[in-house]
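*Asks:* This is the structure I want to talk about, given as structure tokens.
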Amino acid sequence: MEKFSLQTAPQYEQHYNEDGFWKKVRRIAAQVGAKVLYPALQLYFVLQSKEVPVKTKTLILGALGYLILPADLIPDFIPALGFTDDLTALMVALRAVNTHLTPDINRQAKEQTDKLIKP
């Protein structure tokens, strides 16, 4: 599988759907903790914003699609390494969309992360 980049993001866009995202997030929350969950949720809430251009949303969809895609560069079941490729995809997308991160989006992502991680 090709490494995630700004150029490859559109190929993963087809794998994103809201139901799949939330299933994956709930399933991995305790396993990966805030380090992976928070950036995924930041991207999710940026995606919901009406002010974000379609090109930016495509990049976000690619990164979130890569996160929920079962076949990764590094399989998720490998302890300590399984989500490093997913985190890389999320961070590449976050860096590209950082001008769209608002205090409200960061707050929503933090609150949702805390809900999912804390029992």
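The values are calculated or read from the model by the stated rules, or taken from the named source; none is laboratory data. Because the structure is predicted, anything quoted here is derived from the model rather than measured. Positions of Cβ are backbone-derived with ideal geometry, glycine not excepted, and every protein chain shown enters the neighbour counts.
*Asks:* Hey, among the residues in the stretch 84-119 that are part of a loop (DSSP other than H, G, I, E, B) and at pLDDT 75 or above, which one's surrounded by the fewest Cβ atoms within 10 Å (Cβ to Cβ)?
*Replies:* Taking the stretch 84-119 and keeping what is part of a loop (DSSP other than H, G, I, E, B), we get 101-102, 118-119.
Next, from what is left, pick out any that are at pLDDT 75 or above: 101-102, 118.
Values: 101: 16, 102: 13, 118: 8.
Once the filter is applied, the top-ranked residue is 118.
*Asks:* Taking into account only those residues within the stretch 34-67 that are in contact with a helix residue (DSSP H, G or I) (Cβ under 8 Å, 6 or more places away or on another chain) and outside any helix (DSSP H, G or I), which is surrounded by the fewest Cβ atoms within 10 Å (Cβ to Cβ)? First the steps, then the outcome.
*Replies:* Step one: of the stretch 34-67, the residues in contact with a helix residue (DSSP H, G or I) (Cβ under 8 Å, 6 or more places away or on another chain) are 34-47, 49, 51-52, 56-67.
Subset that is outside any helix (DSSP H, G or I): 49, 51-52.
Working: 49: 15, 51: 8, 52: 16.
Of everything passing the filter in the stretch 34-67, 51 is surrounded by the fewest Cβ atoms within 10 Å (Cβ to Cβ).
*Asks:* Same structure, new question: Quick one: what pairs do we get from the stretch 26-47, first residue polar (S, T, N, Q), second at pLDDT 95 or above, C-beta under 6 Å, 6+ apart or different chains?
*Replies:* 42/109
*Asks:* Right, another one. Given the structure, is residue 30 modelled with pLDDT under 95, part of a helix (DSSP H, G or I), of a type outside the set (Lys, Arg) and loosely packed, with under 13 Cβ neighbours inside 10 Å? Full working, then the answer.
*Replies:* Numbers: modelled with pLDDT under 95: yes; part of a helix (DSSP H, G or I): yes; of a type outside the set (Lys, Arg): yes; loosely packed, with under 13 Cβ neighbours inside 10 Å: yes.
In short, yes.
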